[in-house]
Each structure stands twice: as C-alpha cells, then as structure tokens.
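I have placed the structure first, in the form of structure tokens, so that the comments after it can refer back to it.
The values are calculated or read from the model by the stated rules, or taken from the named source; none is laboratory data. Predicted model only: the values in this text are computed from it and were never measured. Positions of Cβ are backbone-derived with ideal geometry, glycine not excepted, and every protein chain shown enters the neighbour counts. Surface areas here come from the heavy atoms of the whole protein model, side chains and all, with no ligands, DNA or RNA. Shrake-Rupley method; radii C 1.70, N 1.55, O 1.52, S 1.80 Å.
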Amino acid sequence: MMSSTAAPDAGAIGNDGRRHGYRGYALVVNLSTGEYRRDPIAPALLRAAIGGIGLGVRLLHRYGAPAVDYPGEEIDDAERLRLLDAAFDPDNPLIFTTSPLVGTRLTTSSKFAVLTRSPLTGFIADGLSSSHLAVELKRACGDALVITGRAAQPTLLHIDTDGVPHLRPAHDLMGLSTMDTEAAVKARLDDGGRRPVRVASIGPAGERLVRFASIANDGGRQAGRCGPGAVMGSKNLKAIAVRGNPDDDPPAADPEGLRRYARDLSRRSLGAATAKYRELGTVANVSVFNRLGTLPTRNFQQSTFEHAEAVSGELLHQTRATRTAHCANCTIGCEKVFSVSTKDGTGQTDAAGVSARLEYESLFALGPLVGVGEPDAVIRAVRKCDELGMDTISAGGVIAWALETAERGLLPTLNQPHSSGATGAADTPLQFGDGATVLALLDDIGHRRGFLGGLLADGVRLAAARIGGDSDDWAMHVKGLEMPGYEPRSLKTMALGLATTPRGACHNRSSAYDADFSPDVNRLEVDDRRGRIAAASEDYSAALDSLIWCKFLRRAFGDFWEESATVYRMVTGWDDFNADELRQAAAQIADLKKAYNQRWGWRRSDDTLPPRTLTEPLPDGVAAGTALTPAELDGMIADYYAARGWGVNGRVDALPLMSF
Amino acid sequence: MAVGSATVCISVELFGTARIKAGVGVVPLRVDAPMTLAQFARALAQECPALLGNALCAADADSNAVTIADGYALNRNGLDFLPTNPICTDYNAPLDLRGGDVLLLLSNQAGG
C-alpha cells in the first residue's frame, strides 16, 4: 500500500515528556485507493477521550460521512431504509480502538472497541471484544485502526510488525466460517518462528450483509451487536491479521506502582465479587431471572419459562462437559464452553462433539426466547451463530418474532421453498420450541437463503415493516436493535436504560439493571430517581468501556473512580488527572453518542420501548400483572434528559473537545 | 424460643454456585420470628454447612457470627431485595419474616 503522509512522531504526551500509555496516532487505511497514513491524535484529545468507546466515538465523528440535514421532524420508512443502507456506503468508517491500559497486563485490560454506523439501527454501533488482538492492534496500528473505502475484491488486511498495511486477496477465504477463516489466515501468515498473527474476521453472514453480522476474533470472541460484521462485509474485507512489535508497547509512567496495583487487583479479581462469573459464568442468570419473572420467553409473551431448569447454568454445569476459557491477561475466565456431550460421556450425541461458548444472552435468545428448552439444541444454535458470524441476541430475537408472526397467520407456518433449489428451512414448521427449526432458520439467515432467510437477515424492524399487519407490535427492538434478556416490565430502571441507550436495546452500554437487582429501588415500580440512576449507570459503563476494564470486574473495585484515576495516572504520567476528570470524560461520551445519532436522524420518538412492553401486563411469574405505561416511561425519560442536562427534547447542542 | 416470638417455617431457594455446593435447590428452615439477619445466616449455616465459605462466611475471626458473603444477595419471595452488604448492613436489625416466606440466595451480579 502507498503511504500518503509520513508517519508522525508518536509524540511525547506525558508530563515528564515521555510517551506513556498511548501511541499518539491512528492508522487510517483506505481500501478503495490502497493508501494509508498515520494521523496524529492530540494528547489533549486522548486525555479527554480516555480510549476505547470514548476515543472511538470521537473518531467516528471525525472520519464519518458528512452529516445529513433533516428538515422534517419525522422520517418515513423509505428514508429510514435509505439511511440504514447508507451504512454500507464506502465512506462509513470501521474503527478499532484500543486503550491506555492495553498492554499493561492489568487483569481484563486486553480489550478493544469496534465502532461504525450500524446498518441495523442507522445509529452508532459501539461494541467491545477482547483478548490478544487488542494487544497486537495497539502495537501495529497505534491507538486506533480506521478503515474506510471498499476493496475491489475480497480482501485480507495484513498489518505486521513494521506497521505497514498490505491488502491481500482473500477469494479463498470467502464462504468460510469465522473459525475456519482465522485458522486459514494463521496458516497462511504464520512463519512458525515468531509470535502468531491475531485475526479478526467475518463469516458468511458478514459477507452477505446480514444486518446483525458480528466480527469474530481470537477463536470465537465477538463484537456482536449492531452489525459491524456487515459493514466489514460491505467493504469486501473478509479478515484483518495483525502482529505488532512488543518493543512498541508504550511504557507505563510508573511501572513499579502499576505492577503492585496489578497484583492487588488480580488478587481481588479472584474474590467473592467475581465468583459467579468465575464459577458458573453468566449462564447462571437463567434460573434467577426465571424466578424473578424477568426471563423473556417466547418473544416476550411471558417472563418465565417452564423449561428454564433444563437450560439453567446450574444443570448445564452438572451435566455437560465444560471447560473455562480466558481472554488474554484475564484472571476471571467467565467464558464457559459447553459440549453437547454429557459429563460422563454416556449422552454424547455426535462424533464431532459440538461445543460452544455460552453466555446468558446467547442462552436466553436461542433458548427461552424461541421456546427451546433442550440444551443440545441451544448449544448447536449458538455454535451455528458463531460459525456464521451473527449476533446471537438479534438472531434469536428475529426468529422469535417470525415464530409469533407465523402463529398469528401473517407468515406461512411452513417456510416457503425458494428458487435457488436450496432447501434450508423449507418445509419445517414455524413454531416455538423446535430446535431443529431454529437451527435451519439460522443457516438460512446467515446465507440470506430463501424468503425467510432474506427477510430475517434484515432484522426485526425491517422484517415487520415488510410483512405489515400489526407485526411491529410484537417486533421487540429499540432503535432497530433486538432486545436483550432483561424484561423491562419487571425491571423498571433497566426499562429506561434500554429505551435511551444510543445504540438501541442494549444491556452493555447501560448497566441500569444493577439498581433493579438491589435494595435501592423497587424494580416493579417507577419513581423519579430512575433518570439519575440510569444516567449514572451509563456514565459508569462509559468509563469502564473507555479505559477499558471488563464489566465483570466492577465489584472488585473499592472506589471505582478514584482507583481508575490512580491507574490512569500511573499509566500515562498525567499526574494531575483525577476522578472528577474521569467522571467528566464519561459524561461527555453520552453527549457525543447522542450528537452522532442526531446527525443521522435521531428523533425523540426513537427513545422508547416496543409496543408490547407498554401495552401488555406480564402474564406470569412473581411479577404477574406488572405493567409499564407509556406515561410512566415518558416520565422516566424526561428525568433522564434532565439528569443529562439535555432539556425536554432530549437533544444535545454543545459538543465537548473534538480538536484532533 | 425468645419471648414474644413464634416459630415459623420458611424456605431458602439456592441459586448458582450455592445450589451446586449445597447439592439441593431448596433448604427448609424452622426459625424464630422475628429474627435478625445474623440469626438467619447462622440458622442456614447450621442446616446447610456446605454453604459456609461460599454464600455464607464468618462475620469476624472472634465469634461464631455468620454473614451473607460479599457477592451474594438475598431476595424475599422473588420481590424485595434485602440489604446484605456487610459494610453498611446492620445484621442485628430485625428481619421481617412470615411463615411460608421464601428467601432467595443468589449472586448479586446480574450481568449477562
């Protein structure tokens, strides 16, 4: 590739005049022209942005397509679709950011963010993933890798220790699963004597622009939500292979202090605060959520699942062969890989020994949400999503909608054959609880095969718009993003978080559910504190996602803000950085995300919940009869806007530091 | 039995690691009501010693007092979360329990 500018000096950005924590630049690669450059990032901006999501949202503003001018208040369906499809334009950047903590060996710090404009929501897509790729990205690409343009042919972007990007043909990789793509790229590029390249890739779903396609890295970790894999596919970019030079790791300003802190934090990370994640993983949520009447079931028609015990984390651990997986530099090891084989080997159902990483969200979405209570079926479905490179939550959400729509007579109860001759899910009955149907539909969606495959690959909002009738009443999404496994009617603070989070129905950028699972609030009722709680929760997540710490570490901190500010000082050498500045940086992230969405047509009406959650009381469980009215939600949203200082229309007008 | 108290039957539902360690999902308890959180924790530990060192732990090194371990939460009847944080909770405050109540012992981490 050609470099259009000389690489800038990474810069002396610490108070002591040395470069600490950051590389000081972003590697910008244009796939259309084959050119690249290293754009400096001003120290003041790095400090204001922190890293991760905070840096990424600023880069998204900087490198994103020009703003769109909307004279009207509302956007019609045709314009909405045009805006969604514009996410596939070459000028929509795909941005990977690292953080000052990457490379420090602090537990859980090997993480990176992926940002782009979502083809599913039309708004910001800000995902996180983790492990070795984060470390290599920082070494080879600086604080960010910004990919623009569209390659003329299927391409592998290869960046090695010299930091020079190469565009290599990738025809031979097309059609491969994410796992096979990673293996093939490693086989091609590894020379045996050096450290391995680390790979981010898309599967068939990303190649076919499935709007909720994910980007996979390091053996199956996913930047899953909002369709970054589809954007990568639209750029003809099948994979990214990175191997940096360890000598390029920016040193910490206080290496001895950081070492002591790292040891102490690792010790705390093995304590009670993370026991659930270490011992059972997030699958432990199933039985708890079921008992509390907050386990969305059969497309949110129920909040309890009669087969919850069968797919509970407790039973899975007792009956399935299980192993624990760790991200790089992580002491927690939350990832539990479950096999279809039973623990004693007697129940093995196939020679291949299919296994999958199960998280609560994947388990909920491809289990209770679609009415499936058979563990093997869920494991196979999750594995299928990982192979195809699809977000499990959205995949389960859109299938749940299709199953209910078929039950209501708006879709044929048998999937229609299609002209390609491929059968896919043809002739399989559409009904809740059939794991084989779910598996077949996933395959059709991932390949955009057949009528249903093509329909559902666009996500539940567009599918409902296309089918019509009243089917958008049970299309469970916010801003186009399918709902995660937290029932908003029985988790009122979380309801507000889901309604207002910029990327749509998201449980990660807002952790408002924390309040609902505490004595601090009555989770079944609304009060005027929720706006402040949700905003504070969002800021807390923004700080975690920018530094970047794993959220599962959060209760291992004493005073999170003070502790994180101390760590930041030890890494960067900015000795006057304090907790208040970190809080301010976190709050600015919410402003920047909202401002970005405003550029792409955000309206007050986008901050809401699906009609079902605002019109139907919960029918079952301990929260039976609990409802959330539109007036209650609007009241909480008004409180949230006030807490943010956004005024009654929910708009942000003043932007924080953006000078690069 | 203390003066003015009555014996009631409650049950404790265990979730997550607590259930696996205990080997049961439900622990029936006969307890005095009213009782304190400390008394409840001790009664549960006596009935189900496998929970000690897991969901239950010693309150301090100098007594037999037991507390709900950091990392765990207590919920009454699937509805109310009870204060259990060892730092800011008065373990000797009365715990409002009635016969038939179900206490859920679960992780205080709801992240998924």
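How far apart, in nanometres, would the label points at residue A:74 and residue A:89 be if each is projected 7 angstrom from Cα along the Cα-to-Cβ direction?
2.5 nm
Cα-based Rg (one decimal) and Dmax (whole number) for chain B, in Å?
13.1, 46
For segment A:505-518, take each phi angle, set θ = phi - 60°, evaluate the Karplus expression 6.51 cos²θ - 1.76 cosθ + 1.60, and give the result in whole Hz per residue in order, putting x for glycine and proline.
Going residue by residue, I get 5, 9, 9, 9, 7, 10, 10, 4, 5, 3, 5, 5, 9, 9 Hz, with x marking Gly and Pro.
Tell me the trypsin sites (Lys or Arg not before Pro) within segment A:155-230 that lie in a loop according to DSSP and have at most 12 other beta-carbon atoms within 10 Å.
Working: sites: A:186, A:188, A:194, A:198, A:208, A:211, A:221, A:225; in loops: A:194, A:208, A:211, A:225.
Loop-located and lightly packed - A:194.
If each DSSP helix of 4+ residues adds -39,500 (n - 2.57) and the sum is divided by the residues in chain A, what number results at 222 nm, nearest 500 deg cm²/dmol? Walk me through the numbers before you get to the answer.
Values: 24 runs with 244 residues, N = 660.
Mean residue ellipticity at 222 nm (helix-derived): -11000 deg cm²/dmol.
At a Förster radius of 30 Å, what calculated FRET efficiency corresponds to the Cβ-Cβ distance of residue A:634 and residue A:470, to the nearest 0.05?
Numbers: r = 22 Å, r/R0 = 0.74.
For residue A:634 and residue A:470, the calculated efficiency is 0.85.
Going from the alpha-carbon gyration tensor of segment A:435-547, what semi-axes, largest first and in whole Å, does one get by taking the root of 5 times each eigenvalue? Before the final figure, lay out each step's value.
Values: eigenvalues 209, 50, 32 Å².
Taking √(5λ) for each Cα gyration eigenvalue gives 32, 16, 13 Å.
Using a 1.4 Å probe on the protein heavy atoms, what percent of the accessible area of segment B:30-80 belongs to carbon and sulfur?
Numbers: 1040 of 2270 Å².
So the carbon and sulfur contribution to the accessible surface is 46 percent.
May I ask for the longest run of chain A untouched by GluC sites (Glu not before Pro) that are loop-located per DSSP and have at most 16 neighbouring C-beta atoms (other than their own) within 10 Å?
Working: sites that count: A:73, A:74, A:306, A:525.
The longest such stretch corresponds to A:75-305.
With +1 on the Cβ of every Lys and Arg and -1 on the Cβ of every Asp and Glu, and nothing else charged, how large is the dipole of the protein assembly as shown about its Cα centre, in debye rounded to the nearest 20? Mind showing how you got there, number by number?
Working: 79 positive and 92 negative charges, 312 e Å.
Using only the charged Cβ atoms, the result is roughly 1500 debye.
In debye, nearest 20: dipole of segment A:220-354 around its Cα centre with unit charges on the Cβ of K, R (+) and D, E (-)? Could you put the intermediate results ahead of the total?
Working: 18 positive and 13 negative charges, 29 e Å.
With only Lys, Arg, Asp and Glu charged at Cβ, the dipole is about 140 debye.
Calculate, axis by axis, the spread of Cα positions in the protein assembly as shown along the three principal axes, and write the results as whole Å, longest axis first.
87, 67, 58
Through the Karplus equation 6.51 cos²θ - 1.76 cosθ + 1.60, θ set to phi - 60°, convert the phi angles of segment A:298-305 into ³J(HN,Hα) values in whole Hz; use x for Gly and Pro.
With coefficients 6.51, -1.76 and 1.60, one gets 6, 6, 6, 7, 9, 10, 9, 10 Hz.
Please go through the residue pairs A:235/A:551; A:138/A:186; A:336/A:479; A:336/A:492; A:111/A:238 and name each one whose alpha carbons sit more than 26 Å apart in this structure. List each step's numbers first, then the result.
Details: A:235/A:551 31 Å; A:138/A:186 19 Å; A:336/A:479 31 Å; A:336/A:492 30 Å; A:111/A:238 21 Å.
Check vs 26 Å cut-off fails for A:235/A:551; A:336/A:479; A:336/A:492.
Can you give the net charge of the other residues whose Cβ lies under 12 Å from the Cβ of residue A:390, counting K and R as +1 and D and E as -1?
Details: positive: A:208, A:211, A:225, A:383, A:384, A:448; negative: A:207, A:386, A:387, A:391, A:443, A:444, A:482.
Once all neighbours under 12 Å are counted, the net charge is -1.
Determine the distance separating the Cα centre of segment A:578-595 from the Cα centre of segment B:1-48; give it in Å without decimals.
45 Å
Given labels modelled 7 Å from the Cα in the Cβ direction, how far is it in nm from residue A:183 to residue A:164?
Here the answer is 3.3 nm between the modelled labels.
What number, in percent, do you get for the relative contact order of chain A if the mean sequence gap of Cα pairs under 8 Å and at least 6 apart is divided by its residue count? Working shown, then result.
Details: 1555 pairs, mean separation 101.0, N = 660.
Reported as a whole number, the value is 15 percent.
If you filter segment A:90-125 for chymotrypsin sites (Phe, Trp or Tyr not before Pro), then keep DSSP loop positions with at most 13 other Cβ within 10 Å, what is left? All intermediate terms of the calculation are to be shown ahead of the outcome.
Values: sites: A:96, A:112, A:123; in loops: A:123.
Here no loop site has a sparse enough neighbourhood.
With the Cα gyration tensor of segment A:275-482 in hand, convert its eigenvalues to equivalent ellipsoid semi-axes via √(5λ) and list them largest first in whole Å. Numbers along the way, then the final one.
Numbers: eigenvalues 168, 72, 47 Å².
The three semi-axes for segment A:275-482 are 29, 19, 15 Å.
How big is the A-B contact in terms of buried accessible area, both chains counted, 1.4 Å probe, rounded to the nearest 100 Å²? The partial results should precede the final answer.
Numbers: alone 21650 and 6350 Å², together 25630 Å².
By this definition, chains A and B bury close to 2400 Å².
Any chance you could check the Cα centroid distance between segment A:26-52 and segment A:598-641 for me, in angstrom?
The distance from the Cα centre of segment A:26-52 to that of segment A:598-641 comes to 38 Å.
Magnitude of the Cβ-charge dipole of segment A:275-482, K/R +1 and D/E -1, about the Cα centre, nearest 20 debye?
Details: 18 positive and 25 negative charges, 89 e Å.
With only Lys, Arg, Asp and Glu charged at Cβ, the dipole is about 420 debye.
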